[in-house]
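Report on the following structure.
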Amino acid sequence: MFSTVLIVALLLAAGYLMLIRRGNVGSAQARQLVQAGARLIDVRTPSEFSAGHIPGAINIPLQQLDSRLTELQPKETPVVLYCRSGNRSGSATRMLENAGFTAVHNLGPMSRW
C-alpha cells in the first residue's frame, strides 16, 4: 500500500515537473496571444538573448524580473514567457502569478515557438 502511494506521488511530481518545463501554452496559442497584444518576454540572459530570440520579444532576465515588474504593468495585460528549456520561464510564471499578474502564459522552451 505504502509503495503504491509513493509511486503515485512520484508520478504526479514527475508530471508536474514536465508540465513546468514544457509550458502551459502551445505555439499556436502563444502566437495568437502575442498577435492580440500580449507581451512576449524572454527570461534568458542578455547574452543568450543577443545570440537569438523570437522577434518582438523583450529581454527581462529571470534574475532581474522581480525588480522590473513595473515594466509589465498593468497586471491584467497578457504575458507570454519563454526561455531555453522551460525551467526559468516556469519560475518566472510562478513569480508573476505570486505578484498578482492574472494573464501569465508559459510557452516554455523557445523552440516551441
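The values are calculated or read from the model by the stated rules, or taken from the named source; none is laboratory data. Just so you know, these numbers come straight off a predicted model, no measurement behind them. For neighbour counting, all protein chains shown are included, and Cβ atoms are generated from backbone atoms with ideal geometry for every residue, glycine included. Please note that ligands, DNA and RNA were not included when accessible areas were found on the heavy atoms of the full protein model with its side chains. Shrake-Rupley method; radii C 1.70, N 1.55, O 1.52, S 1.80 Å.
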Gain upon complete extension [N87, D66; 0.36 nm per residue less C-alpha separation]: 5.9 nm
Rounded accessible area of S47 (nearest 10 Å², 1.4 Å probe): 80 Å²
Cβ-placed point charges (K, R +1; D, E -1), dipole of region 35-113 about Cα centre in debye, nearest 20: 160 debye
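Subtract the Cα-Cα distance of T77 and N59 from 0.36 nm times their separation in residues, and report this length gain in nm to one decimal.
4.8 nm
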Accessible surface of F49 - all protein chains present, 1.4 Å probe, nearest 10 Å²: 40 Å²
Proximal charge balance of L81 [Cβ under 10 Å; K/R count +1, D/E count -1]: +1
